[in-house]
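The structure appears right after this line, and notes come after that.
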Amino acid sequence: MAGCSDDFLAEKRPYGSFGPEQVYGDWASVKLRLNYIYQKSLPYAKGYGLTRDNYPPDLWPVGLPDLLSKNTDEFPGYGEYTNPTAVWTNQNIHKYFYYGINESPWKKMRECTDVIVRVNESTTLDDDQKHQVDGQARFFRATRYFRLFKRYGGLPVVKTLQSTLMGDRDSLCIPRTSTENTFNFMIEDLTTAGSYLPTRWEEESNDWGRITSGACYALAGYIANYYASPVFNPEDETSRWEQAYELNKTALEKLDEGGFGLAYEDDPGTNASNWAKIWCTIGMGDGNVSEAVYFMLCNNVAGDNDLWNCWEQQIRPGNANGSSNVCPTAEMIDLFPMADGKRPAEAGLYTYDKKLFFLNRDPRFYRTFAFPGTEWKFTGSMTELADKCPYQTGSDYQLQNWSFYPSVEDAQNELKSGYFTDLLGDGGQSIYVRKKSQDASLGTSALYNFQTDGGFQINGQPLLAMRYTEVLLNFAEAACGCGKLDEAYNVLLRIRKRVGFTGDCGLNADIRTSRAKMFEAILYERQIELAYEGKRFDDCHRWMLFDGGANQATINPSWAPTGWGGNTCTYLGVTPLNDITLHKMEIMFDPTQFTGSKSSETDPFTMLGIERPKALTLSEDMTATIVGEGEEAELTFTNKNVQALANFYNQYMSRKDIETMTVESVVTNQVFDTKLYLMGLGYGDQENNPGVAQTIGWDSRFGGTGNFDPLSKNPDTSVPVLDTETTTE
């Protein structure tokens, strides 16, 4: 335990009134102790930033606009770390390192260490039992360290149980060690766990969801990728990529041995309909392998033991009794590839039309976003919700969420949003995140209990924190780092073919001969394949995509990304996120054809005497090709319903991209503070443990600025000696 406040030093018994001899002397009680570790360490299913039952040290992004993810290009507006008016100091930086006694990550890591130490001291458990418990506890200890490692680099490494006696306070204040040593400690924990745990549990009915050997190596591989990425590897040391390659390769081997893989690899379904089932059928059923590598099992039981997954409730529109808290950016809509795999700005079979954005897109597009003129069915009755839900049952539900404005001037105002049809009113939006949704049209059983009061809140859908596709992408990135470009290319082909692409899948041939272009192609594929799964902030952080690391040298000259040409964004050929203004996309009635007061009585369809367009089921062929040239050029459709929807868009609708990044009425881009790449400790962190040195570039609680260099293999870990006794935060 790194903390050494008087509160911590008070005698603590992590298992109530029982002693370790009793708890660790019986296999049944040991498993209960281990289950407690799972409960306290698995990713949080109830939604970060949406409740107050979680804390920054627990943050494992799952796709919601949380404290970290909101800073990316997935969500409109500013995040806390990209707001150009924010000034971060050790007085106000978020508490990832320490958050009170009971919420401290160090307390939770101590719980894991307690299990590791005590089971190995047990005289009644056999070696297999010890290894099972030891391995799972090591995995979760590593996840805890990894959460902090990403923010700070080097940390205090505590491998043994520390004393809880007041007289031992000085020995408890463990200093930070190097980032390299912290990394090695996590890898040691995970590879040891990987050697102890099975590739698949024999008693799956009881143990499905427990950590496997493959999950251990998968996390180790990802941590190794992080350590090899520019934020921690500015000189681009090849040896780090080589280690990452071996760990990710082993992860795939272990997962394959355990029967994990790309679900529905040979049967993508229409418009990736089977790909969309991954989050609904995570077991071995439905004739497919499981894609779930690391996940949390949830339940749909009401009461004190509820473990509900908040996702379905958060993404569904208000007129389906959802909370509609997840809104994508227009930039993400425009980012997805075309139906031939080419990017929208590239020359290919299809030309991208920003107004008819839904035509000719990557099959994954239709399962990632929901847009006006489509069905989005669910299981549930809404007969008692007539005042807010325009449909009787979820099987009738469709998105007819068209907006309109009271005046032409308002419609032209880039900062204003409209009023939405279908009882959505001011609470509507044009594009919703559909990904991971339990779409009833997929033919899967609902894992939620739809309620008149609460909607989809009681939801037992498992929460996937890492899946096989991500491990493949981790492997591809490590292979690229080692110069094994063909191996990386083959991974990208495999991932795209799984959703229905053929041939070269739209991948450019030049990525096979350029390490920089291959890296960029992999990051792009991650942005598409892993959209709204909570992965984007890590990618932006470790590759310094906010500004390319251009200002790192102003903090410390040795931090300049020299191995990446001095700027990672320039190296990759991408626009820094700091230079991008993010928008919310709106599909509105063309104000030259219709304007009306913001009222539920004002229905543009009635006023114009037109019918709502027939909602697409997403089983249609969504492609349309241009025939002819010049003024005679016209779109030729394969499906009449798709053509009808496109005609409706063209005849009545306009696309509006609403500015969501303004400060005092001045439109500005996001600005990520350079020193947030290597975060500093808060004032209370150092007050709680005066043994930890502050990061360079941040003010120290002891006066002056920090002296700890996270990128040094031999950092200065000294801190000033205090003349007075340390007080608690």
Going through Leu473, Leu485, Leu545 one at a time, which residue ends up being touching a helix residue (DSSP H, G or I) at 6+ places or on another chain (Cβ under 6 Å), over 21 Å from Glu246 (Cα atoms), at pLDDT 95 or above and not assigned by TED's automatic domain parsing to the domain that holds Pro234? Leu545
What number of residues within region 675-729 satisfy the criterion of being among the acidic types (Asp, Glu) and at pLDDT below 90? 4
For region 192-211, enumerate the residues that are outside any loop (DSSP other than H, G, I, E, B) and touching a Leu at 6+ places or on another chain (Cβ under 8 Å). none
Selection count, region 505-522, where residues are in a helix (DSSP H, G or I) and under 21 Å from Gly348 (Cα atoms): 9
Any residue at all in region 483-496 that is touching a residue at least 60 places away in the same chain (Cβ under 8 Å), in contact with a Gly (Cβ under 8 Å, 6 or more places away or on another chain) and either hydrophobic (A, V, I, L, M, F, W, C) or surrounded by fewer than 20 Cβ atoms within 10 Å (Cβ to Cβ) (or both)? no
May I ask you to list the residues in region 542-567 that are within 25 Å of the chain's Cα centre (by Cα), surrounded by fewer than 23 Cβ atoms within 10 Å (Cβ to Cβ) and within 21 Å of Lys713 (Cα to Cα)? Arg542
Among the residues of region 261-306, what is the count of those that are of a type in the set (Phe, Trp, Tyr) and closer than 21 Å to Gly500 by Cβ? 3
Looking only at region 118-129, which residues are buried (at least 19 other Cβ atoms within 10 Å of the Cβ) and in a helix (DSSP H, G or I)? Arg118, Val119
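Of the residues in region 531-584, how many are among the charged types (D, E, K, R) and either touching a strand residue (DSSP E or B) at 6+ places or on another chain (Cβ under 8 Å) or without any contact (Cβ under 8 Å) to a residue 60 or more places away in the chain (or both)?
Summing the residues that are among the charged types (D, E, K, R) and either touching a strand residue (DSSP E or B) at 6+ places or on another chain (Cβ under 8 Å) or without any contact (Cβ under 8 Å) to a residue 60 or more places away in the chain (or both) in region 531-584 gives 3.
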Considering residues of region 402-420 that are farther than 13 Å from Gly373 by Cα and touching a Pro at 6+ places or on another chain (Cβ under 7 Å) only, the residue surrounded by the fewest Cβ atoms within 10 Å (Cβ to Cβ): Val408
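What residue, of Ile116, Ile174, Ile93, is under 27 Å from the mean Cα position of the chain (by Cα), on the phi < 0 side of the Ramachandran plot and of a type in the set (A, V, I, L, M)?
Matching residue, one of Ile116, Ile174, Ile93: Ile93.
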Wholly enclosed helices (runs of 4 or more DSSP H) of region 604-717 bearing at least 2 residues surrounded by 16 or more Cβ atoms within 10 Å (Cβ to Cβ) and assigned by TED's automatic domain parsing to the domain that holds Gln398: 604-608, 640-652
I'm trying to understand the selection: among the residues of region 297-328, which are over 14 Å from Asn449 (Cα atoms), among the aliphatic types (A, V, I, L, M) and assigned to a helix (DSSP H, G or I)? Ile315
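For Asn90, indicate whether it is surrounded by fewer than 22 Cβ atoms within 10 Å (Cβ to Cβ) and under 15 Å from Asp673 (Cβ atoms).
Yes; evaluated as a whole, the condition is true for this residue.
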Please list, ordered by first then second residue, the pairs with beta carbon atoms under 6 Å, 6 or more apart or interchain, first in region 329-347 and within 15 Å of Ala521 (Cα to Cα), second β-branched (Val, Ile, Thr) and part of a loop (DSSP other than H, G, I, E, B). none
If Glu331 satisfies every condition in (1) under 30 Å from Tyr419 (Cα atoms); (2) part of a loop (DSSP other than H, G, I, E, B) but one, which is the exception? (2)
Search region 130-158 for residues being outside any helix (DSSP H, G or I) and hydrophobic (A, V, I, L, M, F, W, C), and hand back the single one that is surrounded by the most Cβ atoms within 10 Å (Cβ to Cβ). Leu155
Criterion (in a loop (DSSP other than H, G, I, E, B), under 24 Å from Leu545 (Cβ atoms) and out of contact with any Leu (no Cβ under 7 Å at 6 or more places or on another chain)) met by exactly one of Asn248, Asn233, Asn225: Asn233
From the list Gly348, Gly341, pick out the single residue that is of a type outside the set (S, T, N, Q), touching a Cys at 6+ places or on another chain (Cβ under 6 Å) and part of a loop (DSSP other than H, G, I, E, B). Gly341
Residue that is crowded, with 23+ Cβ neighbours inside 10 Å and at pLDDT 95 or above, where the choices are Leu423, Leu399, Leu442: Leu399
Sole exception among (1) part of a helix (DSSP H, G or I); (2) closer than 19 Å to Asp73 by Cβ for Leu492, by number: (2)
Please indicate, with yes or no, whether at least one residue in region 222-237 is farther than 26 Å from Arg498 by Cβ, touching a Phe, Trp or Tyr at 6+ places or on another chain (Cβ under 8 Å) and free of Cβ contacts under 8 Å to residues at least 60 places away in the same chain. yes
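The values are calculated or read from the model by the stated rules, or taken from the named source; none is laboratory data. Bear in mind that the values here come from a model prediction, so they are computed numbers and not experimental data. Note that we place each Cβ from the backbone using ideal geometry, even for glycine, and neighbour counts take in every protein chain shown.
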